[in-house]
Amino acid sequence: MHVPDGFLDAPTSLVTATVAAAGIGVALKGARRELDDRTAPLAGLVATFVFATQMLNFPVAGGTSGHLMGGALAAVLVGPYAGLLCLTVVLVVQSLLFADGGITALGTNVVLMGLLTVVGGYAVFRAAQLALPKRLSMVAPAAALGAIASVVLSAAAFVLLYAVGGVVPIPFDTLLTAMLGVHVFIGVGEAVITFLVVSSVVAVRPDLVHGARRVLAVRELETRLVSS
């Protein structure tokens, strides 16, 4: 999913860079409310984990490979604001040190793999939490749903961007079918990894998981009502 230099025209890249900068600015302010002395180290671990797993590719259909994007995972574990900052750091390091994604396309990659996966994945996660039973065991399945939705959303957004500013004419329906077809498989892998990681952390330290806070608050309220 990393977009290289020259894949989109200059005006489109400029717009995505502006959107990315605005999103990062909002995230810098919002992350202060999400992180404290207990959860701040987890943000560093999340960024490290996402960076490591994005370097590992797994095969999908037609000889194509994919990797974890990590937006939904980061949002569930440390919150959407801090999650976006984690993804941004990963993408900047990959672009500058490993040439994974172009420098002029950095804004595009932050929007596609950071902003959209974090916001979209977390929105689906919260919707799933509202629909599912309010239990800790449901946090990981809700996160998995957010993960697969975030990958498909990112792929669809790339197709729209390419339709607007792509430098090579490719039929819209052809590109849309190819991208969504492949990224559904990638999304399944993302969902599995997200489920395993979130369920593991919830099992050990649910109090550190941002996405579990509402469930824990409900449990505490029920305990107090019973004890009284």
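Things worth noting here:
- Shown for the chain: the carbon plus sulfur share of the solvent-accessible area, taken with all protein chains present and a 1.4 angstrom probe, equals 73%.
- Reciprocal mean inverse distance between Cα atoms of region 52-176 - Kirkwood radius, Å: 15.4
- Among the listed options (i) 19.0; (ii) 16.9; (iii) 17.9, the one matching Kirkwood radius over Cα pairs in Å as calculated from these coordinates is (iii).
- For the chain, built as a Gaussian network whose Cα springs stay under 10 Å, the top-fluctuating residue of Val26, Val139, Val204: Val204
- GNM on the chain, alpha-carbon springs under 10 angstrom: the most fluctuating residue among Val19, Val76, Val151 is Val19.
- For the residues Val93, Val197, Val118, a GNM of the chain with alpha-carbon springs under 10 Å puts the largest fluctuation on Val93.
- Scalar couplings 3J(HN,Hα) for region 68-76, obtained by applying the Karplus form with A = 6.51, B = -1.76, C = 1.60 to θ = phi - 60°, are 4, 8, x, x, 5, 4, 5, 5, 5 Hz; x denotes Gly and Pro.
- Using a probe of 1.4 angstrom and keeping all protein chains present, the accessible surface of region 10-227 works out to 47 square angstrom per residue.
- Environment charge of Ala128, counting only residues whose C-beta is closer than 13 Å and scoring Lys/Arg +1, Asp/Glu -1: +4
- Using a simple spin-label model with pseudo-atoms 7 Å out from Cα toward Cβ, Ser200 and Lys29 lie 3.6 nm apart.
The values are calculated or read from the model by the stated rules, or taken from the named source; none is laboratory data. Quick caveat: nothing in here was measured; it's all calculated off a predicted structure. Neighbour counts are summed over all protein chains in view; Cβ atoms, including those assigned to glycine, are modelled from backbone coordinates with ideal geometry. SASA here: full protein model, heavy atoms, side chains in, ligands and nucleic acids out. Shrake-Rupley method; radii C 1.70, N 1.55, O 1.52, S 1.80 Å.
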